[in-house]
Amino acid sequence: MAEKLTAVKGMNDILPPESARWEWLEEKVRSLMARYAYRNIRTPILEHTRLFVRSIGEVTDIVEKEMYSFEDRADKHGDAEHLSMRPENTASVVRAITEHNLLYDGGKRLYYMGPMFRRERPQRGRYRQFHQIGAEALGFAGPEVDAELILLAAALWRELGLSDWRLEINSLGQPEERAQHRAQLIAYLEQHVEQLDEEARRRLHSNPLRILDTKNPAMQDLVNGAPRLIDFLGTASLAHFEGLKAMLDANGVPWTLNPRLVRGLDYYNLSVFEFVTDRLGAQGTICAGGRYDYLIGQMGGKAAPAVGWALGVERVLDLLKQQGAEPPGPVPDAYAVVPEAGALPQVLKCLQALRAAGVSVQMHAPAAGSEGMGSMKSQFKRADASGAAFALIFGQDELAQGCVALKPLRAGQEQAQQLQPLADVAAWAERLRSLP
Ligand code: ATP
Ligand code: MG
């Protein structure tokens, strides 16, 4: 026997009926993004490795150990390119807006959805191919856009029926302020070097801020006692942060200050934030983001401020499941029962007309290997299992009269079956349609 093939570790198939929940979420997101005037952007999944090294930062988990990178085949000049599967999408968005000079006529509000790739240890809420939905506002400096993005996320939770979250915010200030903090932080960590794990020792001088982001339980007391970046902020940074807080307060979005929130990527400044929940175990962050005012310039574009977030689709859907806030499963309006195969051309024609009128119809098709169309009994069993509210019976007698029989299948629909004319589908399609 041939070897059975399986998906790559940490990469999941999304199958029906589960995939309907994904579509439902994506639909909600599209509708909401349209109301906030965010436009869709789609960038390639493969990019030059150096894009991520330069944007995310060399001394970060992602670039140090999580990227899927490979050397492409050499082209005719003999140059092989180093490529990586995108581990996140902000870098690609920044590349795209720079490459296409998208900010030439002012700021842009963009959103994306799609798969990201990180070679992490697979566990609940942590996969090697996972999906993010992200929103980015580029070319705007004021805290009102930070607030707009956070309100957008909060509105999404509301429309999805997610209630069990809290918002943590912090400000990372500006590079000069970080430099002052950095010196004090290194001094503090050097005093306690025996408490640092191997990774923290390695990062002590290259990226000490990252140590505050550690998930090592043994280091929590140490990092809690570390100098707080927020205490090094100057007036302008503080005013930006106060502006954001005031707008969140005015809109009834509760937040807590988390002075240790630094985010796992290097490019942030000023506002950073995370939506977290206690219901998903260790993988409790459902959405995270912040301001990255220097990234566009650093990536070779004309300097412009920007802010954005990304949510983890798997985690959001998991949390929804925890809360029992399930979307309605997909169910056809009608199931077409076809006693004789000879009727199929007429059946298909009628179903085409119904579908064009907005009715969702599942056509009976016999299982592979069975003879004929299958008994009426087995067809009605299928009709029931489909969840459809009506069966359409294309029997010889009905067809001879130019009709199809419409039979209600659900409890509470005690009406007898009715004949409906095939010549005028529009006249009765409305009755079948569950969606407005
Ligand atoms: P974490 O601290 O959980 O590793 P992160 O800081 O690496 O998260 P970001 O790069 O900010 O995550 O990505 C934004 C969101 O994407 C996260 O808040 C999370 O919901 C989701 N996410 C990140 N990595 C994964 C993954 N490997 N599997 C599933 N979702 C993920
Ligand atoms: Mg991570």
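The values are calculated or read from the model by the stated rules, or taken from the named source; none is laboratory data. Every value quoted in this text rests on a predicted model; they were computed, and no experiment measured them. Note that each Cβ is placed from the backbone with ideal geometry, even for glycine, and that neighbours are counted across all protein chains shown. These accessible areas exclude ligands, DNA and RNA; they are computed on the full protein's heavy atoms, side chains included. Shrake-Rupley method; radii C 1.70, N 1.55, O 1.52, S 1.80 Å.
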How many nm separate the modelled label positions at Q322 and A357, each set 7 Å beyond the Cα in the direction of the Cβ?
4.6 nm
To the nearest whole percent, what portion of all C-alpha pairs in region 27-94 is separated by more than 14 angstrom?
65 percent
What is the distance in Å between the Cα centroid of region 301-365 and that of region 117-173?
26 Å
What accessible area per residue comes out for the chain, rounded to a whole number of Å², with a 1.4 Å probe?
50 Å²
Give me the extension gain from I45 to E99: residue separation times 0.36 nm, minus the current Cα-Cα distance, reported in nm with one decimal.
17.8 nm
Of the DSSP beta bridges with both residues in the chain, give the percent that are antiparallel, rounding to the nearest 5.
80 percent
Once you have the Cα-Cα distance between S378 and V193, take 0.36 nm times their residue separation minus that, and quote the gain in nm to one decimal.
59.4 nm
Listed residue (P16, S55, A236) projecting farthest to the positive dipole end of the chain, Cβ model:
P16
Report the convex hull volume per residue for region 240-297, counting only C-alpha atoms, in Å³.
105 Å³
Quick one: accessible surface of D61, probe radius 1.4 Å, all protein chains present, in square angstrom to the nearest 10.
50 Å²
Viscosity 1.002 mPa s, 20 °C: Kirkwood-radius Stokes-Einstein D of the chain over Cα pairs, µm²/s
84 µm²/s
Backbone N within region 112-136 under 14 Å of label point (7 Å from T6 Cα along the Cβ vector)
122
Per residue convex hull volume, Cα only, region 338-436, in Å³ is 107 Å³
Cβ-Cβ cut-off under 11 Å around A334, Lys and Arg +1, Asp and Glu -1: the net charge is +3
R158 label point, 7 Å along Cα→Cβ, cut-off 19 Å on backbone N: hits in region 223-258?
244-256
Looking only at region 36-68, which residues have a backbone nitrogen under 18 Å from a spot 7 Å from the Cα of H77 in the C-beta direction?
48-51
Can you tell me the dipole magnitude for region 334-434 around its Cα centre, using point charges on the Cβ only (Lys, Arg +1; Asp, Glu -1), in Debye to the nearest 20?
300 debye
Among all the aspartates and glutamates, which ones have a C-alpha under 16 Å from K245's C-alpha, if same-chain residues fewer than 8 places away are not counted?
E144, D146, E148, E168, E274
Rounded to whole Å, give me the distance from the Cα center of region 211-258 to that of region 44-103.
30 Å
Accessible-area value, R202, 1.4 Å probe, nucleic acids and ligands omitted, Å²
130 Å²
Listed residues V53, V262 arranged by accessible area, highest first, probe 1.4 Å:
V53, V262
Students often get this wrong, so check it: of K28/K108; K65/K108; K349/K377, which have C-alpha atoms separated by over 27 Å?
K65/K108
Roughly how big is the chain's charge dipole about its Cα centre, with Cβ charges of +1 (Lys, Arg) and -1 (Asp, Glu), in debye to the nearest 20?
400 debye
Of every hundred units of 1.4 Å-probe accessible area on the chain, the number belonging to carbon and sulfur atoms, as a percent, is 52 percent
Dividing the alpha-carbon radius of gyration of region 79-200 by 2.2 N^0.38 Å, where N counts its residues, gives 1.41
Could you tell me the relative contact order of the chain? Use alpha-carbon pairs under 8 Å, at least six residues apart, and round to a whole percent.
15 percent
Separation in nanometres of the label points that stand 7 Å from Cα toward Cβ, at R201 and N251
4.6 nm
Enumerate the calculated ³J(HN,Hα) couplings along region 110-127 in order (Karplus 6.51 cos²θ - 1.76 cosθ + 1.60, θ = phi - 60°), each rounded to whole Hz, writing x wherever the residue is Gly or Pro.
10, 9, 9, 9, x, x, 10, 9, 9, 8, 9, 6, x, 6, 3, x, 9, 10
